[in-house]
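A.B. asks: Pasting a structure here, questions to come.
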2 protein chains.
Amino acid sequence: MEKDKKRISIAVDMDGVLADTETHFIRYYEKETGEKIDPDSMKGIPENEAFPDKTAVQRFVRMPGFFRTLPLIPGGVDAIRTLMEDFDVYIVSAAMEFPLSLFEKKEWLEEYFPFISWQHIVFCGDKRIIRTDYLIDDHLKNLDHFQGVSIMFTASHNIHYSHHQRLNNWEEIVQYFKKLC
Amino acid sequence: MEKDKKRISIAVDMDGVLADTETHFIRYYEKETGEKIDPDSMKGIPENEAFPDKTAVQRFVRMPGFFRTLPLIPGGVDAIRTLMEDFDVYIVSAAMEFPLSLFEKKEWLEEYFPFISWQHIVFCGDKRIIRTDYLIDDHLKNLDHFQGVSIMFTASHNIHYSHHQRLNNWEEIVQYFKKLC
């Protein structure tokens, strides 16, 4: 059975799923403007529009160092290690929009997820050409066009959508996949 | 019909298909050792083993600048532009093995293929998770596990294999796909 289980593949998004972009945006914004944004005020609002200065997010993601210094989403490292025992796990990030992020994202993964081989990392643009059985992602633009089973990882910006299976944290994700074993 | 044709997707490898790695290896080798390798002597031999110093290729691909300065395979730019009129074309490169190459490959594509959007570029490790209808590649390790239609682009190292549809140059590839329109 071990071999069959291994064949189930899971694509895991980075930003908002493994890396805590929301907290990072808030920190960058406070550092730049002195204004501390309440995370609760961001609920149900696209990230770009969640800050008084609507150009801030697009500016931050183009700053050298932004992606290299992202904090972790709690539980992600242990959960990926656990999932890898039974599934083929791929990290799939739409990194191509920001060329500077490519190397930073690779270094970030090497720091926090050194147990993931380069064979299992994908930096792409449009995720609809990814052929895995599952996709864990926080963005509709990725989940809506995925041809396997989509799992929406809860983020402030996606709380009002319900047309994908929602899981709220890495503990729930591990529980969900344990049932498939 | 236009819409249906657009749905056919083609993944195109970079090294050995769009970028002339073979010529580049020969030039690097001559620059380093003074020895000029005859391209004919490389036929049927894996790239790693085609040079007297068997460590050369693995050393060259780790040198800053190697991927940024690759020459073009003749006809590739015009062929990709032509294919994009009727198909969804994705550039899919196993760039993840050499993190330094990520930024260089992105810059190289921006120089020679500025008409390809970031949404259509994929840097990955294992290509078996790519979901396109076709894959044009020179390496068996990619073609053998692809689940769509595989097309082997002729390179010195692959001339003795015949279990994939072989096309020898970009002119033949354009002719092949024109028949699908």
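A.B. asks: Are there GluC sites (Glu not before Pro) in region A:75-106 that DSSP puts in a loop and that have at most 16 other Cβ atoms within 10 Å, and which ones?
C.D. replies: Numbers: sites: A:GLU85, A:GLU97, A:GLU104; in loops: A:GLU85.
Counting only loop positions with at most 16 other Cβ atoms within 10 Å, the GluC sites (Glu not before Pro) in region A:75-106 are A:GLU85.
A.B. asks: Give, as ranges by residue number, the residues of region A:74-88 whose backbone N falls under 11 Å from the point 7 Å along Cα→Cβ of A:GLN119.
C.D. replies: It comes to no residues whatsoever.
A.B. asks: Under unit Cβ charges (Lys, Arg +1; Asp, Glu -1), what dipole magnitude, rounded to 20 debye, does region A:22-181 have relative to its Cα centre? Before the final figure, lay out the partial values.
C.D. replies: Numbers: 18 positive and 25 negative charges, 53 e Å.
With Lys and Arg at +1 and Asp and Glu at -1, about 260 debye.
A.B. asks: For a quick check: with amide H placed at 1.01 Å from N, whose amide H comes under 5 Å from A:VAL89's, ignoring anything fewer than 5 positions away on the same chain?
C.D. replies: Sorted by chain and number, the residues that satisfy this are A:ILE10.
A.B. asks: Between region B:131-172 and region A:140-181, how many Å separate their Cα centres?
C.D. replies: The distance from the Cα centre of region B:131-172 to that of region A:140-181 comes to 36 Å.
A.B. asks: Sticking with this structure for a sec: Projecting each Cα onto the charge dipole of the protein assembly as shown (Lys/Arg +1, Asp/Glu -1 at the beta carbon, about the Cα centre), which of B:VAL17, B:PHE177, B:LEU70 comes out farthest on the positive side?
C.D. replies: The listed residue farthest towards the positive side: B:PHE177.
A.B. asks: For region A:73-168, take every pair of Cα atoms, bin their distances at 10 Å starting from 0, and report each bin as a whole percent.
C.D. replies: Cα pair-distance distribution for region A:73-168, in percent: 14, 45, 38, 3.
A.B. asks: Extension gain B:LYS36-B:ASP144, at 0.36 nm per residue separation less the Cα-Cα distance, in nm?
C.D. replies: Length gained, B:LYS36 through B:ASP144: 35.6 nm.
A.B. asks: Quick one: Karplus J couplings for region B:77-86, per residue in order, coefficients 6.51, -1.76, 1.60, θ = phi - 60°, nearest Hz, x for Gly and Pro?
C.D. replies: 4, 5, 5, 5, 4, 5, 4, 5, 5, 10
A.B. asks: A follow-up question, please. May I have the extent of the alpha carbons of the protein assembly as shown along their three principal axes, as whole Å values ordered from largest to smallest?
C.D. replies: On the principal axes, the protein assembly as shown reaches 66, 44, 41 Å in Cα extent.
A.B. asks: Do me a favour and compute the ellipsoid semi-axes for chain B from its Cα gyration tensor, root of five times each eigenvalue, largest one first, whole Å. If you can, show how the numbers build up before the last one.
C.D. replies: Details: eigenvalues 154, 65, 43 Å².
Equivalent ellipsoid semi-axes, largest first: 28, 18, 15 Å.
A.B. asks: Also: For chain A, calculate the relative contact order in percent as a whole number, restricting contacts to Cα pairs under 8 Å that are 6 or more residues apart. Before the final figure, lay out each step's value.
C.D. replies: Working: 268 pairs, mean separation 52.2, N = 181.
So the answer I get is 29 percent.
A.B. asks: Still on this structure, I have one more. Dipole of the protein assembly as shown, Cα-centred, from +1 at each Lys and Arg C-beta and -1 at each Asp and Glu C-beta, to the nearest 20 debye? Kindly include the intermediate steps, with their values, before the conclusion.
C.D. replies: Values: 44 positive and 60 negative charges, 108 e Å.
In debye, rounded to 20, the protein assembly as shown gives about 520.
A.B. asks: Another question about this same structure. If R₀ is 35 angstrom, what is the calculated FRET efficiency for the pair B:ASP133 and A:ARG81, using the beta carbon separation as r and rounding to 0.05?
C.D. replies: Values: r = 35 Å, r/R0 = 1.00.
In this case the efficiency is close to 0.50.
A.B. asks: Let me ask something else. Mind checking which of B:THR132, B:THR154, B:THR33 has the largest fluctuation in a GNM of chain B, springs on alpha carbons under 10 Å?
C.D. replies: Largest GNM mean-square fluctuation: B:THR33.
A.B. asks: DSSP loop trypsin sites (Lys or Arg not before Pro) in region B:1-102 with at most 13 other Cβ atoms within 10 Å of their Cβ, which ones? Could the numbers behind the result be given before it?
C.D. replies: Numbers: sites: B:LYS3, B:LYS5, B:LYS6, B:ARG7, B:ARG27, B:LYS31, B:LYS36, B:LYS43, B:LYS54, B:ARG59, B:ARG62, B:ARG68, B:ARG81; in loops: B:ARG7, B:LYS36, B:LYS43, B:LYS54, B:ARG62, B:ARG68.
Filter output for region B:1-102: B:ARG7, B:LYS36, B:LYS54, B:ARG62.
A.B. asks: Moving to a separate point now. Pick from A:ASP20, A:ASP38, A:ASP126: which is most flexible by mean-square fluctuation in a GNM of chain A where alpha carbon atoms under 10 Å apart are linked?
C.D. replies: Looking only at A:ASP20, A:ASP38, A:ASP126, the largest GNM fluctuation is found for A:ASP38.
A.B. asks: Okay, next question. Name the residue farthest towards the positive end of the dipole of region B:105-167 from the options B:ILE159, B:TRP108, B:GLN119, assuming +1 on Cβ of Lys and Arg, -1 on Cβ of Asp and Glu, about the Cα centre.
C.D. replies: B:ILE159
A.B. asks: Also, I was wondering about something else. Please list, by residue number, every one of the GluC sites (Glu not before Pro) in region A:1-71 that is coil in DSSP and has at most 15 other beta-carbon atoms within 10 Å.
C.D. replies: Working: sites: A:GLU2, A:GLU22, A:GLU30, A:GLU32, A:GLU35, A:GLU47, A:GLU49; in loops: A:GLU35.
Sparse-neighbourhood loop GluC sites (Glu not before Pro): A:GLU35.
A.B. asks: Which number comes out as Rg/Rh for region B:74-120 once both Rg and the Kirkwood Rh are worked out on C-alpha atoms?
C.D. replies: 0.99
A.B. asks: Near the amide H of B:ALA19, under 5 Å away, which other amide H atoms are found, from residues 5 or more places off or on another chain, if H is placed in the peptide plane?
C.D. replies: Distant-sequence amide H within range of B:ALA19: B:ILE73.
The numbers here are math on the coordinates, done by the rules we state, and not lab data. Just so we're clear, the structure is a prediction, and the values are computed from it rather than from any experiment. Don't worry about glycine lacking a Cβ; one is built from the backbone with ideal geometry, like all the others, and counts go over all protein chains shown.
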